[in-house]
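Written out below as structure tokens is the structure these notes cover.
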Amino acid sequence: MIFLTIGTQEPFDRLFQALEQIAQRINLDIVAQNSPNSAFTSNLMEMNSFMAPEEFERSFDLADLVIAHAGMGTIISGLVKGKPLIVFPRHKSLGEHRSDHQQATAKYFGEIGYINVANSVDELEELIKRFISGELLGISKPIGNYASDSLIKALKNEILSK
Amino acid sequence: MKVIAISSIGGHWIQLLRLRPAFAGHELVFVSTNESFRSMVPNSKFYAISDGNRSDIKGLLSCVTQIFTIIRIESPDVIVTTGAAPGLIALIIGMLFGCKTIWIDSIANCEKLSLSGKIASKFANRVFTQWEHLKTDNVSFKGNVLK
């Protein structure tokens, strides 16, 4: 199953339309979490608006592949669960976010091999085909549940030094 | 110490939860912008507030009122936030109440500090970036939420 999630912010219909186009050509089993403010509908995906944390977690756990906007919540969940991730960054110029930081996030995390990045329908389709042929894997060593010891220690000291 | 840990929903909240070991041994109050997150912090007090962002003035104002009330009632010693706008509001109000204020910029901001983080760096007691190349004299780098 593919889990499509765009986080809790504004709609991101461009990603839904991209995956819809691909799903017309390739048979895919898709569970999608959409923004309650989106008008996008589909017969090719199981659509949900806001998902409760437990429900979101369950879909994430069941997914073989996660396709998402370049939001940190999704990327971190993917890294904790060791899921293959394809991210499709939002663009400010298209009214998809208030800044263009998702492109920077995608670039940095893509370069260190944590995620796969698609910027167009063609790139997304190519990555999905690679996933189907077994070439797209999650990170080999999933991350733990907490921040780095050094950050925890620094924060702990800050709190105590009040 | 009494600590308020506050953030917006989504990635900010996930990052805040990954800092939990730093709050061990303190009285902890979580604040976020979605009621459904209460279930994720069953052992702590939790407040849900309205979401506010730069393009939603009405939401921001209601956010200010609610955060002011929570800080007045709880009177924390320390306020920690991972962003975004509600976290900045909490640090500003917290500063007025004499709380220690700590901003941890989201790991999503890998090319420059967020706008809110920049504002926080002008007055907060401590500002952390999660990227070494972004540290400056008043923005510290001590690691990130991923490891």
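Read-outs throughout are calculated quantities, based only on the coordinates presented, and are distinct from any laboratory measurement. A quick note: this is a predicted structure, and the numbers were derived from the prediction, not measured. Cβ atoms come from the backbone with ideal geometry, glycine included; neighbour counts cover every protein chain shown.
Of note:
- Values of log10 I(q)/I(0), in the order q = 0.10, 0.11, 0.13 Å⁻¹, for the stretch B:2-141 under a Debye, Cα-only, solvent-free model: -0.28, -0.35, -0.49
- Net charge over other residues, Cβ less than 11 angstrom from the Cβ of A:ALA68 (K, R count +1; D, E count -1): +2
- Counted by neighbouring Cβ atoms within 10 Å, the residues A:PHE3, B:PHE123, A:PHE88, B:PHE68 run from fewest to most as B:PHE123, B:PHE68, A:PHE3, A:PHE88.
- Remark: mean inter-chain Cβ contacts per residue of B:14-27 equal 5, using a 10 Å Cβ-Cβ cutoff to other protein chain atoms.
- Candidates A:PRO84, A:PRO36, A:PRO53, ranked by Gaussian network fluctuation over chain A, Cα under 10 Å, top entry: A:PRO53
- Percent RCO, i.e. relative contact order, over chain B, from Cα pairs under 8 Å lying at least 6 residues apart: 20
- Membrane-span-like helices in chain B, defined here as complete DSSP H runs extending at least 15 Å along the helix axis by their C-alpha atoms with mean Kyte-Doolittle hydropathy no lower than 0.0, are B:57-74, B:85-96; this is a sequence and geometry rule, not a statement about a membrane.
- For the protein assembly as shown, the equivalent ellipsoid derived from the Cα gyration tensor has semi-axes of 34, 20, 18 Å, listed largest first.
- Sum of -39500 (n - 2.57) over DSSP H runs of 4+, divided by residues of chain B (222 nm, nearest 500): -9500 deg cm²/dmol
- Spatial offset of the stretch A:58-108 relative to the stretch B:30-51 amounts to 23 Å, using the alpha carbon center of each.
- Chain B: most fluctuating residue of B:GLY117, B:GLY94, B:GLY59 per GNM, C-alpha cutoff 10 Å: B:GLY59
- Calculated mean residue ellipticity, 222 nm, chain A: -13000 deg cm²/dmol, from DSSP H runs (n ≥ 4) at -39500 (n - 2.57) each, averaged per residue and rounded to 500.
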